[in-house]
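The block underneath contains the structure these notes are about, expressed in structure tokens.
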Amino acid sequence: MTPVRGVAAVDPIDALVERIVTEEHDALRQAFAEGAEFAVTHMESPSERMLHRLECASLEPHLDLRARWSAGHRRRLHDDRTYRLPLPALVTRESARGLSGVRSCKVCWPNVHGTEPRPLRRLQARGIRSHHIGHVLSTDDGHSLGTIVRSAHQTGADLFGQRQEVVEIITTARTMQYSPSDHVFIWDLPTDEEAIRRKTQLFERFGPGFAPTY
């Protein structure tokens with residue numbers, strides 16, 4: 001077929017990728033509409049299957065449908081038009097509870113059975129910085145002490161007039177004071193703000209009533 005003058009020819013692989021992306025988006029959108037809250041990656045490899053919350057940061061590359069088709073993958077598609085990239089399986093909470101042999105992501109802590117210990121990060125009190133605001137301060141066994149609102153390093157004198165440094169951490173529940181070298185614990189999880197932002201982006205991408213965005 002002779003290309004029409006002034007109209008750029010459409011690369012057949014580009015056209016095929018667009019069709020695949022549209023089909024994948026429709027499949028994910030349908031699962032989202034059916035109440036999916038979690039995703040399983042690497043379904044094609046039983047030993048690597050991993051369960052994530054949908055808003056998990058490590059899941060994002062799997063849901064960026066067009067960006068997944070790198071030059072290398074496009075070359076494979078050129079050689080084999082049936083070639084496809086594995087798509088995460090979106091599942092409901094009930095279905096996730098019935099899964100076996102699936103590891104839980106340590107970034108988002110799916111905890112579908114409510115029995116998994118929270119991932120904790122231990123650091124010295126002097127290491128608390130502004131980027132920890134919004135994270136949950138906890139005891140060493142994971143009990144919440146509230147969400148960190150502010151922290152400050154203070155210097156004063158103790159009862160004997162000796163110079164004393166204190167790290168004050170203010171949470172939504174209480175005010176705590178630590179020696180700079182004391183160990184403190186925070187939930188090693190995304191903040192509520194991050195989770196809400198990612199959930200909103202997911203709804204805009206796959207939710208009913210929104211135009212498809214790939």
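The values are calculated or read from the model by the stated rules, or taken from the named source; none is laboratory data. None of these values were measured; they are calculated from a predicted model. Please note: Cβ atoms are built from the backbone with ideal geometry, for glycine as well, and neighbour counts cover all protein chains shown.
Here is a check on your reading of the model: is G114 in contact (Cβ under 8 Å) with a residue 60 or more places away in the chain, of a type outside the set (V, I, T) and under 30 Å from E34 (Cα atoms)? Spelling it out, it is not the case that G114 is in contact (Cβ under 8 Å) with a residue 60 or more places away in the chain, of a type outside the set (V, I, T) and under 30 Å from E34 (Cα atoms).
Would you point out the residue of region 46-80, among those that are more than 22 Å from the chain's Cα centre (by Cα) and of a type in the set (D, E, K, R), that is nearest to D26 (Cα to Cα)? My answer is R74. Evaluation of G134 against the conditions (1) touching a Ser or Thr at 6+ places or on another chain (Cβ under 8 Å); (2) not in a loop (DSSP other than H, G, I, E, B) shows that the sole unmet condition is (2). Regarding region 63-82, can at least one residue be identified that is within 30 Å of I186 (Cα to Cα) and surrounded by 15 or more Cβ atoms within 10 Å (Cβ to Cβ)? For region 63-82, residues within 30 Å of I186 (Cα to Cα) and surrounded by 15 or more Cβ atoms within 10 Å (Cβ to Cβ): present. Checked against the criteria, R93 counts as basic (K, R) and either in contact (Cβ under 8 Å) with a residue 40 or more places away in the chain or assigned by TED's automatic domain parsing to the domain that holds E37 (or both). Exactly one residue among L77, L28 is in contact with a Leu (Cβ under 8 Å, 6 or more places away or on another chain) and over 23 Å from V102 (Cα atoms), and that residue is L77.
Residues that are in a loop (DSSP other than H, G, I, E, B) and closer than 23 Å to S104 by Cβ within region 47-88 comprise R49, L54, E55, C56, D64, P86, L87, P88, listed in sequence order. Of the residues making up region 107-123, those that are in contact with a strand residue (DSSP E or B) (Cβ under 6 Å, 6 or more places away or on another chain) and modelled with pLDDT of 90 or more are C108, P110, L120, R121, R122.
One line per residue, one yes/no per condition, for (1) at pLDDT 95 or above; (2) within 21 Å of S58 (Cα to Cα); (3) in contact with a strand residue (DSSP E or B) (Cβ under 9 Å, 6 or more places away or on another chain); (4) not assigned by TED's automatic domain parsing to the domain that holds T41:
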{"residue": "H78", "(1), (2), (3), (4)": "yes, no, no, no"}
{"residue": "Y83", "(1), (2), (3), (4)": "yes, no, no, no"}
{"residue": "C105", "(1), (2), (3), (4)": "no, yes, yes, no"}
{"residue": "T139", "(1), (2), (3), (4)": "yes, no, yes, yes"}
{"residue": "G142", "(1), (2), (3), (4)": "no, no, yes, yes"}
{"residue": "G146", "(1), (2), (3), (4)": "yes, no, yes, yes"}
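Applying the criterion of being part of a loop (DSSP other than H, G, I, E, B) and modelled with pLDDT of 90 or more to the residues of region 1-42, the residue that is farthest from S95 (Cα to Cα) is D11. Only residues that are of a type in the set (S, T, N, Q), surrounded by 15 or more Cβ atoms within 10 Å (Cβ to Cβ) and free of Cβ contacts under 8 Å to residues at least 40 places away in the same chain were counted in region 131-183, giving 2. Is there any pair with a first residue in region 72-90 that is within 20 Å of F32 (Cβ to Cβ) and a second that is outside any loop (DSSP other than H, G, I, E, B) and of a type outside the set (A, V, I, L, M, F, W, C) whose Cβ atoms are under 6 Å apart and which are 6 or more apart or on different chains, and what are they? Cβ pairs passing all conditions: L87/E24; P88/T41; P88/H62.
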